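Where a number appears in this text, it was derived from the coordinates with a stated rule and is not lab data. Given the structure is predicted, the values throughout are model-derived calculations rather than measurements. Cβ: placed from backbone, ideal geometry, glycine included. Neighbour counts: every protein chain shown.
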Amino acid sequence: MTDVTLVRNARFAIAWDAQTQQHVYRTGLDVAFAGGAITHVGPAYAGPAPARVIEGGDLMVMPGLVNLHAHPSSEPLNKGMWDEVGSRGLYNTSLYEYLAVLRPDAEGIRACYGVALAELLLSGVTTLCDLSMPSEGWLDILAASGLRVCVAPMFRSGRWFTRNGHRVEYEWDEKAGRAAFEAAMRELDKAAQHPSGRLSGMVAPAQIDTCTPELLRESYAEAERRRLPFQVHTAQSLAEFHEMTRRHGMTPVGWMKHLGILGPRSILGHAIFLDHHPWTHWPDAGTDLRLLAEAGATVAHCPTVFARRGIALDHFGRYRRAGVNMGIGTDVYPHNMLDEMRLVSYVARVVAGNPRETMVADIFAAATVGGARALGREDIGRLAPGCKADLVLVDCAHPMMRPCRDPLRSLVYSASERAVRHVFVDGTQVVRDGRVLTIDHAAAAAALEEAQRRALERIPELDWAGRTADRIAPPALPWA
């Protein structure tokens, strides 16, 4: 029989209550797993003799987190550049002016992956949705990390750009978009056949405004045919909202409904600028939320990247009350899921003006079963027999966890990744004593620094105004 690992007499466990369909605290439990699956959650384990026993007296056992939206192949390169920069003429977003000026080379992409995947594991993520452009060896890199990964190779019919920092223009190449779509489908085939057994696929047209109606419809039909989730960046900027209403006379969400691409497998990256957002001044406020809820669609909420620009979802609690399934992603650097969850809470409360608006239970549900639901899975995001052995063991004796009256609050609001001791994915340990076992984190960080240096040198030739990195993003303090 497959070797059993037993966490014995855990101080706390965040278990799944099938009757109430929610996470609950339990104490003094044994948690056993073997063959990549959880076999026991309860008192007094009496199954086959375990090959390994972890004493749980100071530990909390919880299900691994599901990161529904991230760009690990590029975002780590941006650290120190876009923390305090937004395009003045484009509602402070940085997508159109700065996204393309800092580009990793092949070695830089590998370094980005090393840093991002290590950060994800250290913050308790066991399932990742990787929205990236396919790169050489990317599937093997993802598999070697030990993570469970839903790969989402992006494609689009055109690209956005600006010539002046205040007007977004589009350069269309439908033939290239079609070829990229076909290439992405081949990547999904490779992922499904990967020997790791932990890779799956997602159909991911890049942005609602850079894909033709034909490409969007065809890609959604392919997602239906393959029974895969479908994700597209939608309503992520005010410039995009205005562009879509100018083109079609309807909101981005309304356009998805019109095209027939809004359904239970649909995931909207960000979905901030809906008709009820105060910046859109759109009539019939609330229609977009109703459409999302009726369709059973999911919003992948990633507050950090937008909070840096003074932009916020309005707001997490409102979406939940409307019946919209919510998931959480890190999107950008740092890829720290626990810090992202903390910011979900704070931003929601600030926008709502109410400290009771969004609770950590709501956020934890979004980061586990909300993401799992979006991916069409009931075997992740839960601590229950029969589910995948994707587990996080938190050190409740860590000083940042104490007092540990309420362990989840202590983890999210205080300790964050510092208290994550062990992580298992598919029953295999990938983090031990706070150290990633599958990635040389320090080496990846050193390679990333060199890759950024190379990329910074190219900024003037890629920027529309020929600016240097220091002109675009001056250092926090002057050099003396």
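So which lysines can Lys388 reach, going by Cα to Cα under 25 Å and dropping same-chain residues fewer than 8 places off? Answer for Lys388, where 25 Å is the Cα cut-off: Lys190, listed by chain and number. In the chain, one over the average inverse separation of all distinct C-alpha pairs is 22.9 Å, which is the Kirkwood hydrodynamic radius. Axis of helix 213-226 versus longest Cα principal axis of the chain: the two differ by about 20°, to the nearest ten degrees. Neighbours of Val351 by Cβ distance under 10 Å: Lys/Arg scored +1, Asp/Glu scored -1, total 0.
A convex hull fitted to the Cα coordinates of region 186-333 yields 118 cubic angstrom per residue. The charge dipole of the chain, taken about its Cα centre with unit charges on the Cβ of Lys, Arg, Asp and Glu (plus for the first two, minus for the last two), comes to roughly 800 debye.
Considering only Ala397, Ala372, Ala221, and ranking their Cα positions along the charge dipole of the chain that arises from unit charges at the beta-carbon of Lys, Arg, Asp and Glu, the one farthest toward the positive end is Ala397. Angle of helix 337-352 to the longest C-alpha principal axis of the chain, folded into 0 to 90 degrees and rounded to 10: 60°.
If both residues of a DSSP beta bridge must be in the chain, then about 50% of such bridges are antiparallel.
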